[in-house]
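Below is one structure; the comments refer to it alone.
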Amino acid sequence: MEYLIRAMKREEFPLLNDFLYEAIFIPKGAEPPPKSITNLPELQVYVAGFGNSERDRAFAAVVDEQIVGAAWVRMINDYGHIDDNTPSLAISLYKEYRGLGIGTALLKTLLRNLKSTGYSKVSLSVQKDNYAVKIYEKAGFAIFHENEEEYIMVADLTL
């Protein structure tokens, strides 16, 4: 499948709300939450006012001129927060585009961009049962902290 990874345009930032929902890990056999869950304040920190800070950045995966995935970072105090100099990363693809290498390409593009603009690390939070843990490890993330359900993972961009 042919795809393009590119910077998201400001007018596309509202799509991040959709990708925020897609980023929610749903264990096998569990009922997906209602889309309104993204309105919770602890989730809105990922998308509310996105683009208003020069530190906000997002990339899109595009197939047939349609955005099918997004990876974005911002400085927020979220589940994956480790310090005030490390952006938190979120990434997701629509289900039918997963497992095709698109997400890995999207992640690598964002990591290269962060490194080239002077960031030394980036963090994220991921459920331990999420298959994406392996993708993050392959991309250079390591477990920084864990609790019963989640890992906080960090990629060192200076390597």
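Just so you know, all these numbers are worked out from the coordinates, no wet-lab data involved. For clarity, every value in this text was computed on a predicted model and none was experimentally measured. In this analysis, Cβ positions are derived from the backbone assuming ideal geometry, glycine residues included, and neighbour counts consider all displayed protein chains.
Data overview
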{"quantity": "Cα Rg over Rh - region 4-64, Kirkwood", "calculated": "1.01"}
{"quantity": "Karplus 3J(HN,Hα) series, Hz, for region 3-13 with 6.51 cos²θ - 1.76 cosθ + 1.60 (x for Gly, Pro)", "calculated": "8, 10, 10, 8, 5, 6, 8, 3, 5, 8, 4"}
{"quantity": "Simple Cβ-charge dipole of the chain, Lys/Arg +1 and Asp/Glu -1, about Cα centre, in debye nearest 20", "calculated": "480 debye"}
{"quantity": "Share of pairwise Cα separations in region 4-119, more than 22 Å, in percent", "calculated": "31 percent"}
{"quantity": "Among Leu40, Leu106, Leu16, residue whose mean-square fluctuation peaks in a GNM of the chain (springs only between Cα atoms under 10 Å)", "calculated": "Leu40"}
{"quantity": "Full-extension gain in nm, Ala30 to Gln127, via 0.36 nm per residue minus C-alpha separation", "calculated": "33.5 nm"}
{"quantity": "Placed amide H near Lys121: partners under 5 Å, 5+ positions off or other chain", "calculated": "Leu157"}
{"quantity": "Simple label model, 7 Å out from Cα along Cβ direction - Asn147 to Lys134, nm", "calculated": "2.7 nm"}
{"quantity": "Cβ-based charge dipole, the chain, positive-most Cα from His81, Gly99, Pro14", "calculated": "Gly99"}
{"quantity": "Backbone HN-Hα couplings from phi across region 123-132 [Karplus 6.51/-1.76/1.60, Hz, Gly and Pro as x]", "calculated": "10, 7, 10, 9, 5, 4, 7, 6, 4, 5"}
{"quantity": "Ranked Ser53, Ser92, criterion: other C-beta atoms within 10 Å, fewest first", "calculated": "Ser53, Ser92"}
